[in-house]
Structures are given as structure tokens and as C-alpha cells.
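The values are calculated or read from the model by the stated rules, or taken from the named source; none is laboratory data. Quick caveat, the model's predicted, so the values are computed rather than measured. Backbone-built Cβ (ideal geometry, glycine too); neighbour counts: all protein chains shown. These area figures cover heavy atoms from the full protein model, side chains too; ligands, DNA and RNA do not enter into them. Shrake-Rupley method; radii C 1.70, N 1.55, O 1.52, S 1.80 Å.
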Amino acid sequence: MLMNDMGDNSRAQVWARIWNRMAMLAGGIGGMLAFAGIGQLVLPGNSAAARLLGLLPLAVGGLAIWAAVRGYRQRSRKLMGLAFGCVLGGGALVAIMQSMTA
């Protein structure tokens, strides 16, 4: 008799999908932060101070991506928490920078 394992919803499978989706979310938003920092650096019309401040979201986004990848590989809650903390802090940083330049 053939076994159908297509609908396997064991706890291990569910937790593997949860870790995967958490890492993809944190890494994706971290990538957007890094892209915003790159845009701040290379787009014309920005002052030297604005270009220097553009390094902050780039660094925070890079750290979020690194922590998401390492947290996923090691199944580390601390690193995944760091990734989401960087994402939230970086989003607030970008919002503050936009309100200062507007």
C-alpha cells in the first residue's frame, strides 16, 4: 500500500515552516532597509550629512539580514529577536530621517 505523505503536518514540519517564514520576513524587510540606505547614498541632490546618515539604515539592514540567516540556521531565538529588533528600529530610523528631510 502506498503511503501519502503530502499532507504531513507534524510539529517538526510546522516549526520548520514557521522558522522559514520568520527568517524570510526579517531578511526581506532588512533588505529593504539596506536598499533605502543605498538609495540615500547614491541618489543625487542629497547633502553630505544626508549621505552620511544613509549609512545607518544600510548597516542596520545588513545586520538584520545577517541575524535572520544565522537565526534560521541555528534556530536561535536570540538572533531572530535581534533581526526583528533591527527591522523595527531601522523602520523607525527611516521614518525619522524622512521627517527631518521633508
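Which of the following residues is of a type in the set (D, E, K, R) and closer than 26 Å to M100 by Cβ: R51, R70?
Selected residue: R51, the only one of R51, R70 that is of a type in the set (D, E, K, R) and closer than 26 Å to M100 by Cβ.
Filter the range 59-68 down to the residues that are open to solvent by 50 Å² or more (accessible area, probe 1.4 Å) and within 9 Å of the chain's Cα centre (by Cα) and list them by number.
L63, I65, W66
What tally of residues in the range 81-102 results from selecting those that are aliphatic (A, V, I, L, M), modelled with pLDDT under 90 and open to solvent by 50 Å² or more (accessible area, probe 1.4 Å)?
The total comes to 4.
Does Q74 satisfy the criteria of being under 30 Å from A16 (Cβ atoms), among the polar types (S, T, N, Q) and surrounded by fewer than 12 Cβ atoms within 10 Å (Cβ to Cβ)?
Yes.
Could you please find all residues in the range 33-58 being surrounded by fewer than 16 Cβ atoms within 10 Å (Cβ to Cβ) and under 30 Å from R17 (Cβ atoms)?
F35 - this is the single residue of the range 33-58 that is surrounded by fewer than 16 Cβ atoms within 10 Å (Cβ to Cβ) and under 30 Å from R17 (Cβ atoms).
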